[in-house]
Amino acid sequence: MSGLPAQVIPVFSGTECSPDDPLCWSWVTGNWDSVLAPALVQHVYITLIAVVVGLVISLAAALYAFSRNWFAAGFSGLSTLLYTFPSLAFFIAFVPITGISLTTIEIGLTSYTLLLLFRNALTGLRTVPRSAIEAAEGMGLTPGQILFRIRFPLALPSIMAGVRVATVTVISLATVAAAVAPLGLGKPIFDAIHTLFDTELVATGVLTILLALVADVVVLGIRWAVTPWLRAAR
């Protein structure tokens, strides 16, 4: 067919994979070590950097904004603005500054986490039961001690809820970022689109979905581990 890119399909153990096959297992097994596994590890690495950096920035901002409404409104407005930018255009905007690199991807991905993480952290800090604060004051704790020893631990469920949503969001957006820098699971997805190879597209898409599900379970497990009082209350 004219106008279509040339397609070269590898042959493994005498079994040829057709471009139209929805899933050719010989290609998946033959390319797991060289294509899929490295892309998966890279995707996890990209996600961890964005979520961790975003969490550090958001927690610091939330702690500072706790008693400063002007800063809370300003940071919330900025993070909302960043979140509304179209993802692909946002990534491309940094290419003239940071080039086609991991840094370009991480700037964009981290920016998308700020709204989710900041709002959840600030809400958690501000919705601690008044009875807990009064008990802490009765024990003679200073406002700083109350913030870090009472408010922050009790805000962890809300903070982890934000981490949960941010993690899945980053996993999704990181596939789009591969259009700018060929990294992570987005690279084989775009390769499959360009070569019209359904197996690579389906296999990588399913792998991305499974990664999001596993990451969600992992974050829930961390939340369970860092909030023992919630387990005791059940």
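Each peptide in 175-183, 129-137 receives the mean, over its residues, of other Cβ atoms within 10 Å, and ordering these scores from highest gives 175-183, 129-137.
For the chain, the membrane-span-like helices by this rule, meaning whole DSSP H stretches whose C-alpha atoms cover at least 18 Å of axis and whose Kyte-Doolittle mean is 1.6 or above, are 37-65, 152-177, 198-226; this says nothing about an actual membrane.
Solvent exposure of the chain amounts to 53 Å² per residue of accessible area, where only protein heavy atoms count and the probe is 1.4 Å.
Can you classify region 120-199 as rounded, prolate or oblate using the Cα gyration tensor, where a ≥ b ≥ c are the square roots of its eigenvalues, rounded means a/c under 1.5, and otherwise it's prolate if a/b beats b/c and oblate if not? Here region 120-199 falls in the prolate category. Shape of the chain from its Cα gyration tensor (a ≥ b ≥ c, root eigenvalues): rounded if a/c is under 1.5, otherwise prolate when a/b > b/c, or oblate? Prolate is the answer for the chain, as a/c is 1.5 or above and a/b outweighs b/c. Overall, the anisotropy analysis places region 68-178 in the prolate class: the square-rooted eigenvalues a ≥ b ≥ c of its C-alpha gyration tensor yield a/c not less than 1.5, with a/b exceeding b/c.
By the helix-only formula, in which each DSSP H run with n ≥ 4 contributes -39500 (n - 2.57) and the sum is divided by residues, the chain has a 222 nm mean residue ellipticity of -23500 deg cm²/dmol.
The packing ranking, built from the mean of other Cβ atoms within 10 Å per residue, places the peptides 189-196, 102-109 in the order 102-109, 189-196, highest first.
Positive contributions from Lys and Arg (+1) and negative ones from Asp and Glu (-1), summed over other residues with Cβ under 12 Å from the Cβ of residue 167, come out at +1.
Per-atom-type breakdown for the chain gives carbon and sulfur 70% of the accessible area (1.4 Å probe, protein chains only).
The values are calculated or read from the model by the stated rules, or taken from the named source; none is laboratory data. Please read all numbers here as calculations on a predicted model, not as lab measurements. Because the Cβ atoms are built from the backbone with ideal geometry, glycine has one as well, and the counts that use them run over all protein chains shown. We work out accessible area using only protein heavy atoms, side chains counted, and drop any ligands, DNA or RNA first. Shrake-Rupley method; radii C 1.70, N 1.55, O 1.52, S 1.80 Å.
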